[in-house]
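*Asks:* Dropping a structure here in structure tokens format, bear with me for questions.
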Amino acid sequence: MIPWSPLPDAPDFPASGFAQLADRIADLLGTRNDVVLVQAEAVVALEAAASSLGRPGLVALNVVTSLYGAWFGGWLRHAGATVIDLTAEPGRPITAQVVAEALETHDIGLLAMVHAESATGILNPLPEIMALAQKAGVMTVVDAVASFGGHPVPVDALGIDVAVIGPQKTMGGQAGCSAISISPRAWDVMNPAGEAPSILSLADLKAGWIDAGRGALPGTPSPIEFHALAATLDRIEAEGLTAMLTRHGVAAQAMRAGVAALGVMPWVAPEHASNLVTAGPVPEGYSADDLTRALPQGATMIAPGVGPAGERLVRLNHTGPRACPAVVLSELAAYAGALARLGETVDCGAGLAAAASVFEGA
Ligand SMILES: *Cc1c(COP(=O)(O)O)cnc(C)c1O
């Protein structure tokens, strides 16, 4: 007899359950748009959005504040679009003003951007940029994979045509299933389904799932991914999205206050920092790897930055289940310890006290 195991022997996911998952995600995103489920990590959902919307003749304005934005531009180009990359300074957010100028200069059909970056901890000014895009009548795609759950992503209120989310970051879930909300006008300009089904074709998903009455998903979905997504949504709904947003806001505020009280100049001003990750600067003459090597044993939650500014910063992660006092305080102490080992003068006690007092006041 082969012993039963919850992993390979997960119970079936009911065909009627997929539409419920999509509706629960739509509620959390504040949208009446269709939500489709993509059984793959969020990078695949982003590529699907780009290949479904990119076409010859389309001019796209693509905000680049990390690798993800750079990839999105590449996928749009691959689909035949003309892409104008709007690249921010390394490790900094884009400004609404730069976007406004680009929208005035070029005849843009689509604007794509990442909301908040887990790679560097920055926050792009989403509401301002969406307002500009709406005024210009431009279709919008937002990568909210990292930000959703840590910052409000009110899709309909902001007029986001296509929003991509994944459970594995702030939502605190598994990476195997992501979701995309799609406005009616985005469906209207979507590339049609091809001869053979493709995971990168959203029109295929519409034909095979939405137009077919939102029952079973096409193909052979892996039940365990959908059970995991359902459990993730259960947990978010039990906490409440508002409480979850507050928890991330408080954790970020505590971390930033703590870093400042250590005596360290913050990487970006608070209004440009995300609630997900705080970028901690690396002392002159050292690399991010030097700093992580100087961390106390077991402080594995502090990682070098990613991308062009990655060498200059480490990421203090307070995302998902880590947005809590125990993690913030221990990361702060570990960061202070590593800075001291590299010869910096830091006031660890003041840092911890400042962070603790933010939690106490919350
Ligand atoms: C993590 C992340 C993704 C998705 O990456 P995966 O490799 O699917 O985890 C996409 N965009 C942003 C901004 C992210 O932080």
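The values are calculated or read from the model by the stated rules, or taken from the named source; none is laboratory data. This one's a predicted model, so the numbers in the text were calculated from it and none came from an experiment. Cβ coordinates were reconstructed from backbone atoms using ideal geometry, including for glycine residues, and neighbour counts include every protein chain displayed. Just so you know, the surface numbers come from the protein's heavy atoms only, side chains and all, with ligands and any DNA or RNA stripped out. Shrake-Rupley method; radii C 1.70, N 1.55, O 1.52, S 1.80 Å.
*Asks:* Within segment 47-57, take every residue that is in contact with a helix residue (DSSP H, G or I) (Cβ under 9 Å, 6 or more places away or on another chain) and not in a helix (DSSP H, G or I) and give me the one that is most open to solvent (accessible area, probe 1.4 Å).
*Replies:* ARG55
*Asks:* Also, I was wondering about something else. Of everything in segment 27-46 that's more than 20 Å from PRO197 (Cα to Cα), open to solvent by 10 Å² or more (accessible area, probe 1.4 Å) and assigned to a loop (DSSP other than H, G, I, E, B), which residue is farthest from the ligand (Cβ to nearest atom)?
*Replies:* That would be ARG32.
*Asks:* Follow-up question, since we're still on this one. Which ones in segment 118-136 are surrounded by fewer than 24 Cβ atoms within 10 Å (Cβ to Cβ) and polar (S, T, N, Q)?
*Replies:* Matches in segment 118-136: SER118, GLN134.
*Asks:* Additional query: Out of PRO283, PRO308, I need the residue that is out of contact with any Pro (no Cβ under 6 Å at 6 or more places or on another chain) and either modelled with pLDDT of 95 or more or of a type outside the set (Ser, Thr, Tyr) (or both). Which one?
*Replies:* PRO283
*Asks:* Is it true that ALA163 is in contact (Cβ under 8 Å) with a residue 40 or more places away in the chain, in the same structural domain as LEU233 (by TED's automatic domain parsing) and over 21 Å from LEU76 (Cα atoms)?
*Replies:* Details: in contact (Cβ under 8 Å) with a residue 40 or more places away in the chain: yes; in the same structural domain as LEU233 (by TED's automatic domain parsing): yes; over 21 Å from LEU76 (Cα atoms): no.
Considered against the rule, which asks whether it is in contact (Cβ under 8 Å) with a residue 40 or more places away in the chain, in the same structural domain as LEU233 (by TED's automatic domain parsing) and over 21 Å from LEU76 (Cα atoms), ALA163 comes out as no.
*Asks:* Somewhere in segment 177-195, is a residue out of contact with any helix residue (DSSP H, G or I) (no Cβ under 8 Å at 6 or more places or on another chain), modelled with pLDDT of 95 or more, crowded, with 17+ Cβ neighbours inside 10 Å and acidic (Asp, Glu)?
*Replies:* no
*Asks:* Take segment 58-84 and flag every residue that is touching a residue at least 40 places away in the same chain (Cβ under 8 Å) and either assigned to a loop (DSSP other than H, G, I, E, B) or within 11 Å of the ligand (Cβ to nearest atom) (or both). Break it down into steps so the answer makes sense when it comes.
*Replies:* Taking segment 58-84 first, the residues touching a residue at least 40 places away in the same chain (Cβ under 8 Å) are 58-63, 65-69, 72, 79.
Within segment 58-84, LEU58, THR65, SER66, LEU67, TYR68, GLY69, PHE72, ALA79 meet the criteria.
*Asks:* If you don't mind, another one. Out of the residues in segment 265-301 that are of a type in the set (Asp, Glu) and over 23 Å from the mean Cα position of the chain (by Cα), state the one that is surrounded by the most Cβ atoms within 10 Å (Cβ to Cβ).
*Replies:* ASP290
*Asks:* Could you tell me whether any residue of segment 85-102 is away from the ligand (no atom under 15 Å from the Cβ), open to solvent by less than 30 Å² (accessible area, probe 1.4 Å) and part of a loop (DSSP other than H, G, I, E, B)?
*Replies:* No, segment 85-102 contains no residue that is away from the ligand (no atom under 15 Å from the Cβ), open to solvent by less than 30 Å² (accessible area, probe 1.4 Å) and part of a loop (DSSP other than H, G, I, E, B).
*Asks:* For ARG24, state whether it is under 19 Å from the mean Cα position of the chain (by Cα), modelled with pLDDT of 95 or more and more than 16 Å from the ligand (Cβ to nearest atom). Explain how you work it out, then say what you get.
*Replies:* Working: under 19 Å from the mean Cα position of the chain (by Cα): yes; modelled with pLDDT of 95 or more: yes; more than 16 Å from the ligand (Cβ to nearest atom): yes.
Yes: the conditions hold for ARG24.
*Asks:* Cβ-Cβ under 7 Å, sequence separation 6+ or interchain: first residue in segment 27-43 and within 22 Å of GLU117 (Cα to Cα), partner open to solvent by 30 Å² or more (accessible area, probe 1.4 Å) and assigned to a loop (DSSP other than H, G, I, E, B). Which pairs?
*Replies:* GLY30/PRO154; ALA40/ILE199; GLU41/ALA175
*Asks:* Regarding ALA251, is this residue more than 23 Å from ALA48 (Cα to Cα) and open to solvent by 20 Å² or more (accessible area, probe 1.4 Å)?
*Replies:* Criteria not met by ALA251.
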